[in-house]
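Scroll down for the structure; my scribbles are underneath it.
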Amino acid sequence: MTAFGEEQLARLIRALPPVPEGWVRAAQELPFVQPELDEIVARAEADAAFRERLVADLEAALEAEGYERSPAVVAALRLRFKAK
């Protein structure tokens with residue numbers, strides 16, 4: 001494994017493209033939506049039918065159940081419940 005110095009790491013990080021604005025907003029919102037996110041995940045773990053609806057059509061399943069479809073919630077759930 002190669003060891004990098006601080007200056008070389010800083011150069012490499014500066015060379016990366018900017019993070020998409022949607023990612024920044026989602027990261028900023030995440031602490032505020034965490035309780036709702038935890039509730040949805042717990043429900044999906046306990047209810048196979050709900051979990052299947054999330055995987056099949058995440059946004060429609062959230063809307064049908066009355067959950068807010070904030071970008072942070074949707075992004076986090078997409079990562080968690082990727083369609084197989």
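The values are calculated or read from the model by the stated rules, or taken from the named source; none is laboratory data. Source: prediction; values computed, not measured. Positions of Cβ are generated from backbone atoms using ideal geometry, with glycine treated the same way; all protein chains shown enter the neighbour counts. Calculation scope for accessible area: heavy atoms of the full protein, side chains included, ligands and nucleic acids excluded. Shrake-Rupley method; radii C 1.70, N 1.55, O 1.52, S 1.80 Å.
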Residues of segment 20-81: accessible area per residue with a 1.4 Å probe, Å²: 63
Which of 14, 78, 53 is most accessible, then next, and so on - probe 1.4 Å: 14, 78, 53
Among 37, 16, 58: highest mean-square fluctuation, GNM of the chain, C-alpha pairs under 10 Å: 16
Estimated FRET transfer efficiency when R0 is 30 angstrom, pair residue 69-residue 12 (beta carbons, to 0.05): 0.25
Student exercise, the chain dipole from Lys, Arg, Asp, Glu Cβ charges, in Debye to nearest 20: 400
Among 71, 35, 17, residue whose mean-square fluctuation peaks in a GNM of the chain (springs only between Cα atoms under 10 Å): 17
Cα centroid separation - segment 63-84 against segment 24-61, whole Å: 5
Value at 222 nm in deg cm²/dmol, rounded to 500, when DSSP H runs of n ≥ 4 in the chain each add -39,500 (n - 2.57): -23000 deg cm²/dmol
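Could you compute the FRET efficiency for residue 19 and residue 52, with r as their C-beta to C-beta distance and R0 at 41 Å, rounded to 0.05?
Numbers: r = 32 Å, r/R0 = 0.79.
The pair residue 19/residue 52 has a calculated efficiency of 0.80.
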Cα gyration tensor shape for the chain, rounded if a/c is under 1.5, else prolate or oblate: prolate
Fully extended contour minus Cα-Cα distance, from residue 59 to residue 4, at 0.36 nm per residue: 15.5 nm
Candidates 65, 52, 29: whichever shows maximal mean-square fluctuation once the chain is modelled as a Gaussian network with Cα springs under 10 Å: 65
